[in-house]
Every structure is written in C-alpha cells, then in structure tokens.
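Asks: After the structure tokens below, expect a handful of questions from me.
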Amino acid sequence: MNTGDIILIQSNFSGPYAWWSKAISLWTHSPWTHVAVVFQAKDSCFYVLESAEESGVWGVQVYPYGEYLEMYKNNYIVIRHLYQKIIKTHDILQRIEVILNTLACSNYDTSLFDLLATAFQTDKIGKPRNINQMYCSALVAYFYTQMGWLKPTTKWTLIQPRHFSKEYQISLEPGVHLGDYYILV
C-alpha cells in the first residue's frame with residue numbers, strides 16, 4: 001500500500017443516502033459512486049481521506065484504513081495503486097500535513113452550482129477550485145494536485161469518481177500512473 005492509492009466504491013444503493021449514490025451513478029454515467037485516497041501518516045499507519053457523510057458529519061474526514069473498509073464492507077470496493085516518481089518521505093509527510101490542516105473544516109459540497117458544473121463538466125458555473133466545500137472526487141483531485149500528481153491548474157470540483165477509474169484514466173503528471181483494480185470487498 002502507498003500514499004496516493006485510490007479507493008473506488010460502487011454503492012449497493014441501500015441505506016439513508018442510497019438516492020444520492022444512485023444520482024451520482026446516473027449523472028456521471030458510471031458505476032463508481034465514491035472515491036477516497038489512502039495516505040501513510042507520521043505514525044507509519046495507513047489512513048483514508050474522504051469527503052462524505054459518516055455518523056452525522058458531512059465533510060472531509062480521516063479514518064484508519066481497516067476501520068474505513070469495515071464501514072464500506074457491504075459495497076463493492078477496489079483499490080488502484082499509485083506508482084510515482086520518487087518523492088522523499090519527509091516531503092510527502094509535510095505535504096500531507098499541509099493538506100490536512102487546510103481541509104480541517106471543509107464541509108461536503110452541496111452547492112447546486114458546483115454539482116451542475118461537475119455533471120456538465122463546465123467551469124462556467126460554480127467554484128471549480130473550492131476548498132471550503134468538497135465532495136469525494138474533488139477532495140481526491142485536490143490531494144493529488146497538492147502532492148504534484150495532477151497539474152497545478154486542475155479544477156478539482158469538475159472531477160468525478162469515474163475519472164479515477166481505469167476506464168477513464170485521469171491524466172496524471174509524467175512519471176505518475178495508477179495501476180489496475182485490486183478487489184478489496
């Protein structure tokens with residue numbers, strides 16, 4: 001496992017927010033309804049960074065890797081390993097700390113304008129680089145941008161979960177690529 005590994009989830013469309021997952025799937029024309037990113041912290045443990053609703057909290061959240069998989073165990077989950085040029089561990093940890101501090105109070109993005117911008121892939125409405133409110137794929141794209149794996153000009157609010165799938169293959173910086181699917185659940 002590596003910092004930057006992507007977790008993609010296909011919802012089982014059950015529970016109180018099944019309608020939201022179904023809407024995401026319909027709007028994006030993709031079975032992938034959620035995406036999160038793995039990172040290794042200073043304590044050498046792996047965590048998952050996501051933006052979602054869990055336990056009544058809407059927004060950016062961090063979970064220990066095992067706990068995260070347990071929360072989503074009733075869904076279809078795959079991981080895509082990140083392969084990258086060598087970055088010093090110290091630099092990675094510093095970048096992660098800045099990202100986590102920047103996003104500490106970010107809420108889930110429920111802006112109709114941002115959602116429409118994402119659905120129609122246009123930056124003419126909404127806030128294409130909003131860090132105060134983020135949904136899952138915008139968060140992962142922001143993380144990748146800050147780590148130097150996506151172009152610095154990336155409009156992360158326009159990124160959808162499917163963009164991290166192997167069928168779509170988001171355009172990463174030279175020397176960086178995502179591997180095939182590895183089924184987790």
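Asks: Hey, can you rank 108-114, 152-158, 85-91, 129-135 by average C-beta count inside 10 Å, highest first?
Replies: Numbers: 108-114: 16.3, 152-158: 18.0, 85-91: 9.9, 129-135: 19.7.
Sorting 108-114, 152-158, 85-91, 129-135 by mean packing, highest first, produces 129-135, 152-158, 108-114, 85-91.
Asks: Using C-alpha positions alone, give me the convex hull volume of region 17-75 per residue in cubic angstrom. Spell out each step's value before the answer.
Replies: Numbers: hull volume 5.5 nm³, N = 59.
Value for region 17-75: 93 Å³ per residue.
Asks: Please report how many Lys pairs in the chain have alpha carbons closer than 19 angstrom, counting only residues at least 8 apart along the chain or sitting on separate chains.
Replies: Values: Lys22/Lys73; Lys42/Lys88; Lys85/Lys151; Lys124/Lys155; Lys127/Lys151; Lys127/Lys155; Lys151/Lys166.
Number of lysine pairs found: 7.
Asks: Something else now. About its Cα centre, how strong a charge dipole does the chain have in debye, to the nearest 20, once Lys and Arg get +1 and Asp and Glu get -1 at the Cβ?
Replies: Values: 14 positive and 15 negative charges, 99 e Å.
In debye, rounded to 20, the chain gives about 480.
Asks: So what is the relative contact order of region 42-91, in percent, for Cα pairs below 8 Å that sit 6 or more residues apart? List each step's numbers first, then the result.
Replies: Details: 29 pairs, mean separation 12.6, N = 50.
Value for region 42-91: 25 percent.
Asks: Relative contact order (percent) for region 6-183, with alpha-carbon contacts under 8 angstrom and 6 or more residues of separation?
Replies: On the way: 308 pairs, mean separation 45.0, N = 178.
The normalised contact order for region 6-183 reaches 25 percent.
Any read-out appearing in this document is the output of simple, stated calculations on the displayed coordinates, not a laboratory observation. Predicted model, so just to flag it, every value in this text is computed and none were measured. Ideal geometry is used to build each Cβ from the backbone, glycine not excepted, and the neighbour counts take in all protein chains shown.
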